[in-house]
Amino acid sequence: KNEDGTTNVVSYSFKGWDKNLTGITAPTTFTAIYDSTSYAGYRVEFRNKDGSEIYHTYTKKGGNAVCRYEQFKDLISSSYSYDSENVTMFAGWKEPTSDIRSDSIFTPNIVTIPRKQNGEYPQTQVEDDKLISKLNSITQTDAQGYVSYGGEKYKKINVYGWRKVEPIQWHYLSQDGDNVQFVSEKVLDDHVWNTTDHGDEASLNNYKFSDIRKWLNSDFLEQAFYYDSSLVQTVNVDNSAESTGITDNHYACEDTQDKVYLLSYKDILNEDYGFMDDASRIAYDADGNAHDYWLRSPSSGNNALCVSSSGNVYSYNYVYISTGVRPALT
């Protein structure tokens, strides 16, 4: 350690092997090739609910402490539960993870909030014939078209029948102080990206003027958070060309101020958000089927970007056709 409390660290990054791995015709030894960097850093440790260590590393003075999503995804899943009144979930770390100035220990912030503040949405399909018969006999609905029975709420979704209204399970992305960013774990609904042509004012794939942005911040927000949306923050949504993955993307629109938004191309490639590869980008609907879902990023022509049911990102030219939605919020 140095006088200022930092530790001298050498960090190694694997770059590959010294020989070609194919065409082997004899016993061969391969030597790993590494890059190395030296710096003075602080030891940062992330801990589980029981106080055991999840992961530790070193962070440069004034830097941000980062625990890879893969390291604490089990903590997230084991922390999630809900009952008739409340939802318990992982909401980041109790201690600030930015501007590190000393050796630090980070403990999980497991919060319990009312279901009404967490957000709810029709999800699991009702298959019990007796329950379906009872729900069909109920004529009184609330403002969202929900019927109440047995302490739970249900909604009839067109020809798909009754679905139980359940808490939205949120996938943790990041935190900034008290603000925590999430995206829904499931594909919650289907919606068109845009059907409105604004002529010279905006192209069909302009996110600011899109139907899906309007829907997220009106119908979806009002339905999911009908009782209490006080925890949902209005934030600046980055719609820059950089966020779309195309540096000269002239279809990129100005930033927007929103409560609910879609992820961008930049977001869906962010390993710190848990999106390590195609497999980690796959999302499932309430019936357990892998489902395509929209991103907010425009691409060429009138196209917008989507994530396929296989987890790869592609450009979709049918923005007027309903595709899956994973709402994000802070």
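The values are calculated or read from the model by the stated rules, or taken from the named source; none is laboratory data. Here the structure is a predicted model, which means the values were calculated and not measured. Glycine gets a Cβ as well: all are built from the backbone with ideal geometry, and neighbour counts include every protein chain shown. Ligands, DNA and RNA are stripped out before the accessible areas are found, and what is left, the full protein with its side chains, is counted by its heavy atoms. Shrake-Rupley method; radii C 1.70, N 1.55, O 1.52, S 1.80 Å.
Based on a Kirkwood Rh over C-alpha pairs, give the Stokes-Einstein translational diffusion coefficient of the stretch 32-136 at 4 °C and viscosity 1.567 mPa s in µm²/s.
Approximately 76 µm²/s, per Stokes-Einstein.
Using a 1.4 Å probe and counting only protein heavy atoms, arrange Leu21, Leu269 so the residue with the most accessible area comes first.
Leu21, Leu269
Over the stretch 262-301, what number does the Rg to Rh ratio reach, with both radii from the alpha-carbon atoms and Rh per Kirkwood?
1.01
Dipole of the stretch 101-207, Cα-centred, from +1 at each Lys and Arg C-beta and -1 at each Asp and Glu C-beta, to the nearest 20 debye?
Magnitude of the dipole: close to 620 debye.
Bin width 5 Å, origin at 0, all Cα-Cα pairs of the stretch 198-330: what percent of pairs per bin?
Percent of pairs per bin, in order: 2, 11, 19, 23, 21, 16, 6, 2, 0.
Using Cα atoms only, what is the angle between the long axis of helix 69-79 and the major principal axis of the chain, expressed in degrees (0 to 90) to the nearest 10?
Rounded to the nearest ten degrees, it is 40.
Between rounded, prolate and oblate, where does the stretch 242-317 land on the alpha carbon gyration tensor, with a ≥ b ≥ c its root eigenvalues, rounded for a/c under 1.5, else prolate if a/b exceeds b/c?
Since a/c reaches 1.5 and a/b is larger than b/c, the shape of the stretch 242-317 is classed as prolate.
Ignoring ligands and nucleic acids, what accessible area does Trp170 show with a 1.4 Å probe (Å², nearest 10)?
Approximately 20 Å² of Trp170 is accessible to the 1.4 Å probe.
Which links in Lys130/Lys164; Lys19/Lys73; Lys156/Lys214; Lys60/Lys259 stretch past 26 Å when you go from one Cα to the other?
Distance filter (> 26 Å) returns Lys19/Lys73; Lys60/Lys259.
Just how far, in whole angstrom, is the stretch 161-229 from the stretch 31-107 if you go by their alpha carbon centroids?
With the stretch 31-107 and the stretch 161-229 each reduced to a Cα centre, they are spaced 29 Å.
So what is the accessible area of the stretch 135-248 per residue, in Å², with the probe set to 1.4 Å?
Computed with neighbouring chains in place, this is 51 Å² per residue.
For a quick size check, give me the Cα extents of the stretch 106-224 along its three principal axes, largest first, whole Å.
53, 49, 22
If you rank Met89, Met276 by how much accessible surface each has, with a 1.4 Å probe, what is the order from largest down?
The ranking, largest first, comes out as Met276, Met89.
Could you pull the Rg and Dmax for the chain, using just the Cα atoms, both in Å?
Calculated on Cα positions, Rg and Dmax stand at 23.3, 78 Å.
Can you give me the distance in nm between label points at Thr107 and Tyr320, each placed 7 Å from the Cα along the Cα-to-Cβ direction?
Once both label points are built, they end up 5.7 nm from each other.
Does the stretch 174-214 come out rounded, prolate or oblate by the C-alpha gyration tensor, with a ≥ b ≥ c the root eigenvalues, rounded set by a/c under 1.5 and, if not, prolate when a/b is larger than b/c and oblate if not?
Cα axes put the stretch 174-214 in the oblate bin.
I want the local charge near Ser322. Using Cβ-Cβ distances under 12 Å, sum +1 for each Lys or Arg and -1 for each Asp or Glu among the other residues.
My count for the surroundings of Ser322 gives -4.
About the Cα centre of the stretch 65-128, how large is the charge dipole given +1 on each Lys and Arg Cβ and -1 on each Asp and Glu Cβ? Please answer in debye to the nearest 20.
300 debye
Any chance you could run the full-extension gain for Gln257 through Asp211? It's 0.36 nm times the residue separation minus the Cα-Cα distance, nm to one decimal.
Full extension of this stretch gives 15.0 nm more.
Using the Cβ atoms and a cut-off under 12 Å, what net charge is assigned to the surroundings of Ala290, where Lys and Arg are +1 and Asp and Glu are -1?
-2
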